[in-house]
Structure formats: structure tokens, C-alpha cells
Amino acid sequence: DSIFRQAVPACILLREGCDGGGVQWAYISFDFTGPRRMEGAMDICLIIFMLLVMLLCTFDLSRTLDHTVLVPLMRIMGIVRDTTSNILTQVSRMIQLDTMEQEVADEDHELFEVSEIQLLEIVLDRLAKFTKLCMQENVIDDKEMEGLNLEGRGIILDMMQLGHDKKSTVSRVTWIEDGISSLEMAQLAGSRMQTGQDVIESWHLDVLSIEHGELDNIVLYVFFDSPIGQRVRYHNWIHACDVLHTVYRFLQLTPSHHWMDSVKEYALLISAISHDLGHFGRTNQFLVETRHELALRYNDKSPLENMHCASLFELCTQEETNVFSRLENDHYSQARKVCISTILHTDNAHHFEMVKDVSKIYEMANNTCDHQAQDRQGQLSQDYMEHVLLKNELTFLQLFLHLADVSNPLKPFGSCQAWAQRVMSEFFDQGDEEKGLGIPVGMLNDRAKVNFPSSQHGSPPPPSRVPHSKGWPTMEK
């Protein structure tokens with residue numbers, strides 16, 4: 001194949017076959033074996049050269065992409081991971097979860113196992129939740145406020161201590177039973193009396209012929225149930241006992257002996273019985289507007305709650321009324337911290353802040369809370385106690401007392417109705433005084449305008465009724 005033969009048309013030299021009489025004409029042979037081998041070798045070299053050029057271009061392109069795209073992207077993803085970890089840690093410290101680094105580290109380990117796109121989605125979702133919680137000033141936004149009736153807005157404004165809505169007017173007719181219902185009276189000490197109220201409120205009462213037990217009931221009636229004793233209809237001794245019992249039930253349903261020491265339990269119960277000590281039936285906003293001595297003393301910051309705390313520890317300065325006398329110094333300091341913190345947080349101005357704080361706790365440990373919620377028997381897992389309860393112990397103590405203080409809507413209807421009548425009666429008394437002083441009347445304080453049923457279902461839910469309460473399934477009882 002590499003030899004090419006070219007026949008000659010004529011022969012210069014006479015040879016055999018030149019005359020055409022032979023088999024074939026003479027021809028010249030050209031051997032192209034060497035050139036073709038050279039051509040093949042050159043083709044191979046050209047292919048190798050092109051492959052080398054392609055490899056060099058690919059390497060250069062890869063290196064260019066690494067420096068212009070991949071390396072910056074990897075740096076960004078690393079910054080995202082580090083920033084996410086720092087944000088989780090900072091938010092943990094901000095909401096008193098300063099030792100949750102292990103859980104954050106576990107989450108970071110899980111993040112490294114997913115793709116970059118999935119990682120970015122997870123990070124953005126988590127940051128969006130934290131941003132919403134941190135930037136949200138109030139649990140109820142403007143649209144929800146617009147959807148509330150007048151009494152509901154009045155409750156929210158009163159809890160936020162934003163003053164009175166002077167643009168609003170009330171046109172609905174009220175109905176409320178003046179005085180105490182028979183169902184409520186059954187809960188009072190005076191209901192045990194055998195002596196009629198008409199006899200007590202006349203000169204026909206013969207104390208010489210009455211047994212000592214009945215005399216005790218009459219005295220209790222005079223102090224707590226009579227028109228004189230009930231000048232403060234809601235914030236009184238009966239309310240303190242109700243809150244004490246409610247806190248006791250919370251400690252039972254969330255087996256506190258597993259995650260709370262006895263000193264803090266005792267301090268919380270003392271806080272419950274004394275959280276409204278010295279209350280005279282007026283709100284903080286009223287004290288601020290009237291420039292009351294307490295508002296001036298405590299710079300308008302929870303004047304009533306500060307007074308309750310101070311009154312408690314003033315009583316404890318006397319030996320016969322010192323409920324902390326048997327505590328050692330360290331335990332006393334611990335109990336005092338619990339009392340001050342929990343009583344100050346009974347100010348409704350902290351309600352929405354508390355809802356946000358508990359929401360943050362849930363978002364930081366949602367997997368742990370969801371797992372705990374699956375146990376309907378109330379058995380606390382070690383992980384839940386360490387990463388949720390013990391790291392937020394003071395927050396939960398504040399939550400228990402505040403929830404007990406506003407828990408009337410969660411009670412059986414008869415009790416709820418009786419307490420609602422009491423608190424509205426106290427509001428109306430304040431409204432009467434506001435009218436007498438010529439200052440704006442609170443939206444819930446005008447007995448001639450407020451609609452009693454609407455004023456009740458306008459109340460915001462207690463902080464335990466938000467979705468993250470599923471970490472306490474036993475509380476649903």
C-alpha cells in the first residue's frame with residue numbers, strides 16, 4: 001500500500017516490454033513507507049500536543065474558577081457556618097442558655113453533612129426565625145390589634161402600659177352584676193357562717209350566745225367578705241391564696257423536685273402568697289398618671305411590684321414574721337433573688353416579653369422539646385432537664401408565677417366568672433376615682449360603658465398557651 005507505481009509511456013532505453021509486446025509496460029515505483037510513517041508520527045504528536053493543550057487549558061480554567069468562584073464560595077460558606085454558630089451561641093446567652101454549646105455543636109455537625117444549598121436554606125430559615133423573634137416588639141401586631149374589639153384593645157394597651165386610647169369611644173351598653181355571685185360566695189370564708197348577714201349588719205347580734213367557731217367565721221366575714229373588707233375586690237388575700245394553690249399545682253404537674261431545689265420551690269411559694277402584698281386596687285398606669293408616691297419612688301418602673309417585694313422583705317426584718325429566718329446566708333440570697341425576680345415579672349408590662357423569651361427557648365431546643373412532648377406521663381428526660389429547664393430555671397419560675405397570676409381564664413367557668421366580676425369591680429372603682437380626678441378613664445374602667453362579656457374574651461392568652469407549651473404536656477390537665 002505504501003508503494004506507488006507509475007507506468008511510462010515510452011522507454012528511452014530499449015528493454016524487454018518497451019515495445020509493448022511484453023506483458024506490461026515499464027513503470028517507475030515510488031516507495032512512500034517512510035513518509036507515511038513520518039506522517040503518522042506527526043499526527044500522533046499533534047494529538048498529544050492538543051491533549052496537552054486541553055489539559056493545560058482545563059487546569060488553568062479550574063484554577064481560575066477556584067480562585068474566582070469556588071474559593072470565595074467556600075469562604076462564604078465557612079463564614080456562614082461560623083456566623084451561624086456564633087449567632088446561636090449569642091442568642092443562647094441572651095436567653096440564658098449559655099451552656100448549650102454542645103447542642104449547637106451537634107447542630108453544626110449536622111450542617112456539615114448536608115449540601116451547600118441545603119445548608120444555606122437551613123441557615124436562612126434559622127436566621128429568619130431568630131430575626132422575627134428579636135425584631136418583633138409585640139406578640140400582637142397592628143393588624144391583630146385592629147381585629148380586636150374595643151375592650152380587647154383596652155386590655156392590650158393596659159398590659160403594655162401605653163396609656164389610654166383617647167380616639168376611641170364606647171357606645172355599647174354594659175351589663176354586670178354588682179356585688180359577689182352566690183357561686184363566688186361559696187368559695188369565701190364567710191360562706192361557712194350560720195349567722196345571717198342581716199343579723200351581722202344590725203344590732204341584734206348577740207356575741208355572748210355564739211360559739212367560738214362561729215365567732216371566727218364572723219370575724220373572717222368582716223375582714224374579707226363584708227362591704228368594708230372587700231374594698232379591694234380582686235387583689236386581696238383570697239387572690240393570694242388562689243395564686244399560691246395554682247403555683248403549687250404547676251410544681252406538681254412539672255415534677256419540680258427533679259430539676260428545682262427545695263429553696264427555690266419554697267421561695268416561689270412565698271412569692272405566690274405575697275406577690276400582691278399591700279395592693280390597694282389601683283394599676284401601675286394609674287399611679288404614674290397621678291404621680292403617686294410609689295411611681296415617684298420607683299421611677300415609674302413597676303411601682304406596685306417593687307412595693308410588694310419591699311413589703312415582703314420589710315416584714316422579714318421582724319423576727320416573728322421572718323419566713324427566711326432558718327435559711328443560711330447563701331440560701332437566703334438565692335431565695336431573695338427568686339422572690340424579687342418572680343414578683344417583678346408579675347407586672348403585665350412584661351407579658352409579651354415573656355412570651356418572646358419562652359419562644360426563643362423553644363426555638364433553641366425545639367428538637368429536645370418536641371421529643372419531651374411525646375412523653376404524656378410527665379417523665380422528664382435528662383437532655384430536657386439539662387438543656388431546657390436547668391439552663392432557664394429562673395425564666396420558668398417567672399413564668400409559673402405570672403401564669404398563675406393571670407390563670408383565671410383557664411379555671412372552671414364558675415370560678416372564672418366569679419374572678420372576672422371581682423376584677424371588673426376593682427377596675428370600675430378605679431374608673432370612678434379617675435372621673436373624680438378629671439383624668440382620662442381607662443378603657444376597661446368606665447362602668448357605664450364597658451361591655452362585660454367582650455372585656456373577657458379580649459384578653460390575650462397566658463404565656464403557656466402558645467405553641468411551645470407542648471414541652472409541658474402535663475400542663476394540659
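The values are calculated or read from the model by the stated rules, or taken from the named source; none is laboratory data. Every value quoted in this text rests on a predicted model; they were computed, and no experiment measured them. So basically every Cβ, Gly included, is an ideal-geometry build from the backbone, and we count neighbours across all protein chains shown. We work out accessible area using only protein heavy atoms, side chains counted, and drop any ligands, DNA or RNA first. Shrake-Rupley method; radii C 1.70, N 1.55, O 1.52, S 1.80 Å.
Past the 21 Å Cα-Cα mark, which pairs from K264/K301; K129/K337; K301/K360; K264/K391; K132/K356; K129/K356? Walk me through the numbers on the way to the answer.
Numbers: K264/K301 25 Å; K129/K337 32 Å; K301/K360 25 Å; K264/K391 15 Å; K132/K356 10 Å; K129/K356 12 Å.
Pairs exceeding the cut-off: K264/K301; K129/K337; K301/K360.
Can you tally the net charge around S311? Count Lys and Arg as +1, Asp and Glu as -1, for every other residue whose Cβ sits under 15 Å from the Cβ of S311.
So the environment of S311 carries a net charge of -2.
Ranking request for peptides 372-380, 357-365: highest mean number of other beta-carbon atoms within 10 Å first, then the rest in descending order.
357-365, 372-380
Ranking request for peptides 270-282, 401-413, 429-441: highest mean number of other beta-carbon atoms within 10 Å first, then the rest in descending order. Walk me through the numbers before you get to the answer.
Numbers: 270-282: 20.9, 401-413: 18.6, 429-441: 15.0.
Highest-to-lowest ranking by the protection proxy: 270-282, 401-413, 429-441.
How would T195, T317, T342, T131 rank on accessible area, largest to smallest, probe 1.4 Å? Could the numbers behind the result be given before it?
Numbers: T195 30, T317 110, T342 0, T131 75 Å².
Final ranking, largest accessible area leading: T317, T131, T195, T342.
How many nm is it between the label spots at I3 and K132, if each spot is 7 Å from the Cα in line with the beta carbon?
If labels sit at I3 and K132, their model points lie 9.0 nm apart.
Stretch S333-I439 to full length: gain in nm at 0.36 nm per residue minus the Cα-Cα span? Don't skip to the end; give the middle numbers.
Values: separation 106, 0.36 × 106 = 38.16 nm, distance 4.20 nm.
Stretched fully, the S333-I439 segment lengthens by 34.0 nm.
Just check segment 232-274 against the gyration tensor rule for me: Cα atoms, a ≥ b ≥ c as the square roots of the eigenvalues, rounded for a/c under 1.5, and otherwise prolate or oblate depending on whether a/b exceeds b/c.
oblate
If R0 is 30 Å, what FRET efficiency do you get for R75 and L394 from their C-beta distance, rounded to 0.05? Walk me through the numbers before you get to the answer.
Numbers: r = 40 Å, r/R0 = 1.34.
Calculated value: 0.15.
Given a Förster distance of 51 angstrom, what is the FRET efficiency for K301 paired with L205, based on the Cβ-Cβ distance and rounded to 0.05?
Working: r = 47 Å, r/R0 = 0.93.
After rounding, the FRET efficiency stands at 0.60.
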